[in-house]
Amino acid sequence: MKIAILGGSFDPVHLGHLQMAHQAKKLLGVAQVWFLPTKKTPLKDRQLTNDQDRLAMLETALAPYPEYIVCTLELEREGTSYTVDTLRELHARYADHEFFWLIGNDQLEQFDRWKEPKTLVQLANFVCFDRDGKSKKTAYPIRQIHMSPIPVSSSEIRKGKKLNYLAPQVLDYIYQHRLYLSGFLEERLKPKRVAHSLSVANLCEKFARAHNLDLNRAFLIGCFHDIAKNMTESEMKPWMEIVCPENMRYPCPVWHGFVASEIVDRIFGIHDLQIRQAIYHHVLGTSTDPYAMIVFCADKLDPLRGYPVQEQIALVEQDLSKGFWMVKEENQKYLEGKE
């Protein structure tokens, strides 16, 4: 049997990876494509997301394709993953198979740095899929095939960019298990605002637990409530003109809630109306939906603000409605004092 192998950290797996598999199936005549997640990659010094989550995302993405198989050989082996060791093990286990090892341009350019490169090309047929239409010079017998570019990388996704290049079920997994969220925030917010957002998210979850609400929904609301906070007026204005031009009468510092409610949907792929509405109303406290009340209170009572809030937090935990109106009244007095 001819088998194509696509190794990588898959942190996370995205449509670019799947496209390589589709092309291998079509052009190389292989019966299956094995996705081989690494334990520890020699040429990367970044700490990978834990094995269980990377494996779960991979299995989720490959579920519609029965000819795509997850091979856990390297995850089962401790230490750094070297391809030459993996290929020797594969030959020992599957002597009748012919292997095609798939790589991208980035790996072809540093193939000399791989362990025992001359042995590698004897153990498998190496195939490079280039995404820029340019062949690379190499001293090794590596076949090069052009692939229509899919302009995405896992590192971009970990920063909350190009999330539309994820399978929807993988994006759902990311939010359900709260992966990469700090990276999403750090790409758009200043460190102090990131700390505030995560603190509010934890407090939202605490309030949700007290009132038997969805913990993850509450956490995500808190996490993203200020995602537009560092946008300038000129950056927010086009959003406001499209989303809610009637709210442009409010001062610019109020706009970030309205804009953020749209950003979580269009950029971050969170198509949950309660999350969007809670974020939309969180600045002014203009909704009595339970999640909207939770984030309004959590935002104003964030312990990182540095003033005593324990009594108010306890009241919100005990009685959400009473706590909400108390916080709203105190916030109104504060705003009036600042005119």
Just one of (1) at pLDDT below 95; (2) surrounded by 15 or more Cβ atoms within 10 Å (Cβ to Cβ); (3) not β-branched (V, I, T) trips up K115, so point out which. (2)
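Here is a list: V316, V309. Which entry is surrounded by 20 or more Cβ atoms within 10 Å (Cβ to Cβ) and in contact with a helix residue (DSSP H, G or I) (Cβ under 8 Å, 6 or more places away or on another chain)?
Values: V309 fails: surrounded by 20 or more Cβ atoms within 10 Å (Cβ to Cβ).
Criteria check complete, one pass: V316.
Being outside any helix (DSSP H, G or I) and surrounded by 16 or more Cβ atoms within 10 Å (Cβ to Cβ) is the requirement here; does L185 meet it? Steps first, answer last, please.
Values: outside any helix (DSSP H, G or I): no; surrounded by 16 or more Cβ atoms within 10 Å (Cβ to Cβ): yes.
No, not satisfied.
If I filter the stretch 234-243 for residues that are at pLDDT below 95 and out of contact with any strand residue (DSSP E or B) (no Cβ under 7 Å at 6 or more places or on another chain), do I get at least one hit? Give the steps one after another, and end with the answer.
Of the stretch 234-243, the ones at pLDDT below 95 are 242-243.
Keeping just the survivors that are out of contact with any strand residue (DSSP E or B) (no Cβ under 7 Å at 6 or more places or on another chain) gives 242-243.
Checking the stretch 234-243: at least one residue is at pLDDT below 95 and out of contact with any strand residue (DSSP E or B) (no Cβ under 7 Å at 6 or more places or on another chain).
Residue check: is F224 in contact with a helix residue (DSSP H, G or I) (Cβ under 8 Å, 6 or more places away or on another chain), open to solvent by 10 Å² or more (accessible area, probe 1.4 Å) and among the aromatic types (F, W, Y)?
Details: in contact with a helix residue (DSSP H, G or I) (Cβ under 8 Å, 6 or more places away or on another chain): yes; open to solvent by 10 Å² or more (accessible area, probe 1.4 Å): no; among the aromatic types (F, W, Y): yes.
No; evaluated as a whole, the condition is false for this residue.
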Being of a type in the set (G, A, S) and more than 18 Å from F10 (Cα to Cα) is the filter; apply it to the stretch 120-178 and report the residue that is surrounded by the most Cβ atoms within 10 Å (Cβ to Cβ). A124
Helices (runs of 4 or more DSSP H) (entirely within the stretch 36-109) containing at least 2 residues that are farther than 13 Å from S9 by Cβ and in contact with a helix residue (DSSP H, G or I) (Cβ under 8 Å, 6 or more places away or on another chain): 51-62, 83-93
So which residues in the stretch 1-28 are modelled with pLDDT of 95 or more, in a loop (DSSP other than H, G, I, E, B) and either of a type in the set (G, A, S) or closer than 20 Å to V170 by Cβ (or both), if there are any at all? F10, D11, P12, V13, H14
Does the stretch 285-303 contain any residue that is without any contact (Cβ under 8 Å) to a residue 24 or more places away in the chain, open to solvent by 20 Å² or more (accessible area, probe 1.4 Å) and in a helix (DSSP H, G or I)? no
Enumeration of residues in the stretch 229-257 that are buried (at least 16 other Cβ atoms within 10 Å of the Cβ) and in contact (Cβ under 8 Å) with a residue 24 or more places away in the chain: K229, M231, W239, W255, H256, G257
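The values are calculated or read from the model by the stated rules, or taken from the named source; none is laboratory data. Remember, predicted model here, so these are calculated numbers, not experimental data. Note: ideal-geometry Cβ built from the backbone for every residue, glycine included; neighbour counts use all protein chains shown. Please note that ligands, DNA and RNA were not included when accessible areas were found on the heavy atoms of the full protein model with its side chains. Shrake-Rupley method; radii C 1.70, N 1.55, O 1.52, S 1.80 Å.
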